[in-house]
Amino acid sequence: MLCHIPRIKDEKLIVGLETSDDAAVYQIDEERALVQTLDFFTPVVDDPYTYGQIAAANSLSDVYAMGGQPLTAMNIVCFPSCLSPDVLKEILKGGADKIMEANCLLVGGHTVEDNEPKYGLSVTGMVSPHEIWTNAGAKVGEYLILTKPIGTGVLNTAIKVDMVDESQYEDAVKVMVTLNKYGMEALKDFNISACTDITGFGLLGHAYEMAKGSHVSLEIYSDQVPFIAGVKEFARMGIIPGGMYANKKHIEKDVNVNGDVEEVIMDLLYDPQTSGGLLVSIAEEQVEEAIEKLTELNLTEFAVIGKVVEKDEFTIYIK
């Protein structure tokens, strides 16, 4: 759809629409650039406070994926008149708590009446023009680190049909409410060549955008990808969100799969994520130190999951 929008050329627009990056970056001066993003969605859990936390963490994530620091946030709310205002109060409280955790300022917002609740944020952040992370700079020979386990799309589907136990629910919520602030802070002093956060297009969809933008191919080591506990069993039962099939249809012609990779694993690699982790490309000589820093600062499971290789026939190779 965006291909029909006229492109506006401006030398101060450092990151725009061209590479499907996570946020726009506009340079103010030699030392400062604004990072701008917006995201909102319908509830993925029943508890309104938790939903507010998840939606806010997801919206803030785009700024962290650019290597930036969120400065201000504005609420975006669609809310039905048939629900109690107390529900909205809890949603906004959950969002406000995550905004505060991000050392960001909530400065307002806008609410409209709608048939279904929707919540998220418009976020403005700051980054040095010389230290921007984009999804288009991965270099051959670098390794890929993922800072959160995947599987929230499947688990959110299981949550909706009351099939998860308390432990599985808590695991899914922990992944979704955890700010990517911690992964970004662990990696900010390394030479990160490319970065993106894993959300609705799934791990492979966002990896595909990184590879295309960087003019390389990516190898993904399926046996090293971290998954949330229990998610494989739900996927084997056929509890798969519709977005997985859409993601697969969009890029599967550009994905080469080793015949030994289990089908359920492939489903999960396409699984649309809510508030997923950062996928970063980093030089081989920095991987060990980066892992040590992530062990110290990151709050979720993480792993080295692949490598950047020369551009080849396929964009993604699943090993």
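The values are calculated or read from the model by the stated rules, or taken from the named source; none is laboratory data. Every value quoted in this text rests on a predicted model; they were computed, and no experiment measured them. Please note: Cβ atoms are built from the backbone with ideal geometry, for glycine as well, and neighbour counts cover all protein chains shown.
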Got a sec? Which strands (runs of 3 or more DSSP E) wholly within the stretch 1-106 have at least 1 residues that are surrounded by fewer than 17 Cβ atoms within 10 Å (Cβ to Cβ), of a type in the set (Val, Ile, Thr) and modelled with pLDDT of 95 or more? 69-79
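One line per residue, one yes/no per condition, for (1) farther than 23 Å from residue 263 by Cα; (2) in the same structural domain as residue 298 (by TED's automatic domain parsing); (3) in a helix (DSSP H, G or I):
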residue	(1), (2), (3)
148	no, yes, no
172	no, yes, yes
186	yes, yes, yes
190	yes, yes, no
194	yes, yes, no
204	no, yes, yes
210	yes, yes, yes
213	yes, yes, yes
Do the conditions hold for residue 42, that is, is it closer than 27 Å to residue 209 by Cβ, touching a residue at least 12 places away in the same chain (Cβ under 8 Å) and among the polar types (S, T, N, Q)? yes
Quick one: in the stretch 298-319, of everything that is in a strand (DSSP E or B) and either touching a helix residue (DSSP H, G or I) at 6+ places or on another chain (Cβ under 8 Å) or of a type in the set (D, E, K, R) (or both), which residue is surrounded by the fewest Cβ atoms within 10 Å (Cβ to Cβ)? 304
Would you mention how many residues in the stretch 29-57 are β-branched (Val, Ile, Thr) and in contact with a Lys or Arg (Cβ under 8 Å, 6 or more places away or on another chain)? 1
